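> Could you have a look at this structure, given as structure tokens, before my questions?
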Amino acid sequence: MADTPLSRIAVIGGGAWGTALASVAARAGRKVTLWAREEEVVAAVNKGHENTPFLPGITLDPAIRATSDFADLAGAEAILHVAPAQHLRAVTAGLAPHLKSGTPLVLCAKGIETASGKLMSEVAREEAPEAQLAVLSGPSFAADVARGLPTAVTLACADETLGAQLVEAIGVPTFRPYLSADVIGAQIGGAVKNVLAIACGIVEGKAFGDSARAALTARGFMEMSRFGEALGAKPATLKGLSGLGDLILTCGSRQSRNMSLGFALGEGKTLEDILGARSSVSEGVYTAEAVMRLAAAKGIDMPICEAVHNILSGKSGVNDAIAALLARPFTSED
């Protein structure tokens, strides 16, 4: 492989999404190192070229090397950071001593830190101030991406030159990053859609029908738009892949961990039982609280997200939350 800019890529996070992105980077001709916390993932990737705990049945490029030691990432020219949103701060703090100044850090987790109400870029800036930040978001299921099925995403970066280099480094015909300068907007869609996907899952679990799901998705997009614009997102970004595109995907398929969680809630299962049976993270459970705290502080009306938060926090049962939404006064569509 020729020595090109950003030819050595590290991926932080050995779950399904991190593994899928490692596959994309390898497909693009990069030398890839995958960092995973779980030793069983490291062993499975290095010995069997498959992430059997989190992405079974998909053969990985044998050139992908896995490690659990941050020191092994010191030579990376760019890092795709895929640690779950609520763990991003701690993982970044552990990574930071091994980062060279100016290393591109591409944030791929979707969420808002519950404890602080901060976006992923704000958290990363605090823990790795010398890194150059970018955001990767959009409608993309890990299994689809890992299998090489056609996918398009948003890659947001304030530095246009760096953004173009990152697109070149990981873009392939079946994984198409669209460049944006709106780092804030690219994060808002990915965070709020997780909460709305839980709501759509409840609609499915209650067997309310496709019309109800379509209405909820459309009204949910209005909530996402109000929230995003209040935080500085560009309307065009929210209408794009990382906003509307991701919302359509996660509100329309039970491949979405958040929608499937909502489906189980709609069927009558408890949140504790649902989470207890899962090894993967349903980020909307944690982001809902942060979204509603920010919405309250800024006076943003988000009744669907509020209903989800009330259900998840135990303030309201599913049926009572639905009844409250349906009893809201008729209003204009804006």
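The values are calculated or read from the model by the stated rules, or taken from the named source; none is laboratory data. All values derive from a computational prediction rather than experimental measurement. Glycine gets a Cβ as well: all are built from the backbone with ideal geometry, and neighbour counts include every protein chain shown. Note: areas computed on protein heavy atoms with side chains; ligands, DNA, RNA excluded. Shrake-Rupley method; radii C 1.70, N 1.55, O 1.52, S 1.80 Å.
> Here are some residues: Ala290, Ala215. Which one is at pLDDT 95 or above, over 17 Å from the mean Cα position of the chain (by Cα) and among the aliphatic types (A, V, I, L, M)?
Going through Ala290, Ala215 in turn, the sole match is Ala215.
> Given the conditions (1) of a type in the set (A, V, I, L, M); (2) open to solvent by 20 Å² or more (accessible area, probe 1.4 Å); (3) under 23 Å from Arg30 (Cβ atoms); (4) in a helix (DSSP H, G or I), report the number of the one that Leu95 does not fulfil.
Result: Leu95 fails condition (2) only.
> Could you list, in sequence order, all residues of the stretch 126-148 that are outside any loop (DSSP other than H, G, I, E, B) and either of a type in the set (Gly, Ala, Ser) or surrounded by 16 or more Cβ atoms within 10 Å (Cβ to Cβ) (or both)?
Correct list: Glu127, Gln132, Leu133, Ala134, Val135, Leu136, Ser137, Ala142, Ala143, Asp144, Val145, Ala146.
> Would you pick out the residues in the stretch 77-92 that are of a type outside the set (Ser, Thr, Tyr), under 24 Å from Ser282 (Cβ atoms) and open to solvent by less than 10 Å² (accessible area, probe 1.4 Å)?
Going through the stretch 77-92, the residues of a type outside the set (Ser, Thr, Tyr) turn out to be 77-91.
From what is left, the residues that are under 24 Å from Ser282 (Cβ atoms) are 80-91.
Listed by number, the residues that qualify are Leu80, His81, Ala83, Ala85, Leu88.
> If you don't mind, another one. Within the stretch 111-124, how many residues are free of Cβ contacts under 8 Å to residues at least 60 places away in the same chain, surrounded by 15 or more Cβ atoms within 10 Å (Cβ to Cβ) and either over 18 Å from the mean Cα position of the chain (by Cα) or not in a helix (DSSP H, G or I) (or both)?
1
> How many residues are without any contact (Cβ under 8 Å) to a residue 12 or more places away in the chain, outside any loop (DSSP other than H, G, I, E, B), charged (D, E, K, R) and more than 13 Å from Ile202 (Cα to Cα) when one looks only at the stretch 291-334?
Matching residues across the stretch 291-334 total 0.
> Of the residues in the stretch 54-76, how many are in a loop (DSSP other than H, G, I, E, B) and either under 15 Å from Trp35 (Cβ atoms) or open to solvent by 60 Å² or more (accessible area, probe 1.4 Å) (or both)? Can you show your working first?
Step one: list which residues in the stretch 54-76 are in a loop (DSSP other than H, G, I, E, B), which gives 54, 56-64, 68-69, 74-76.
When the remaining residues are screened for being either under 15 Å from Trp35 (Cβ atoms) or open to solvent by 60 Å² or more (accessible area, probe 1.4 Å) (or both), the result is 54, 56-57, 59-64, 68-69, 74-76.
So the answer is 14.
> Another question, if that's okay. Given the criterion modelled with pLDDT of 95 or more and open to solvent by 80 Å² or more (accessible area, probe 1.4 Å), identify the matching residue among Ala233, Ala297.
On the way: Ala233 fails: open to solvent by 80 Å² or more (accessible area, probe 1.4 Å).
Ala297 is the lone residue from the list that is modelled with pLDDT of 95 or more and open to solvent by 80 Å² or more (accessible area, probe 1.4 Å).
> Further question on the same structure: Which residues, taken from the stretch 243-259, are closer than 30 Å to Val183 by Cβ, open to solvent by 30 Å² or more (accessible area, probe 1.4 Å) and either at pLDDT 95 or above or not polar (S, T, N, Q) (or both)?
Scanning the stretch 243-259 gives Leu244, Ile248, Leu249, Gly252, Arg257.
> Which pairs do you get when a residue that is without any contact (Cβ under 8 Å) to a residue 60 or more places away in the chain and closer than 23 Å to Glu122 by Cα, found in the stretch 68-88, comes within reach of a residue that is open to solvent by less than 10 Å² (accessible area, probe 1.4 Å) and not in a strand (DSSP E or B), reach meaning Cβ atoms under 7 angstrom, with the pair 6+ apart or on two chains?
Filtered contacts from the stretch 68-88: Phe70/Leu95; Leu88/Met120; Leu88/Val123; Leu88/Ala124.
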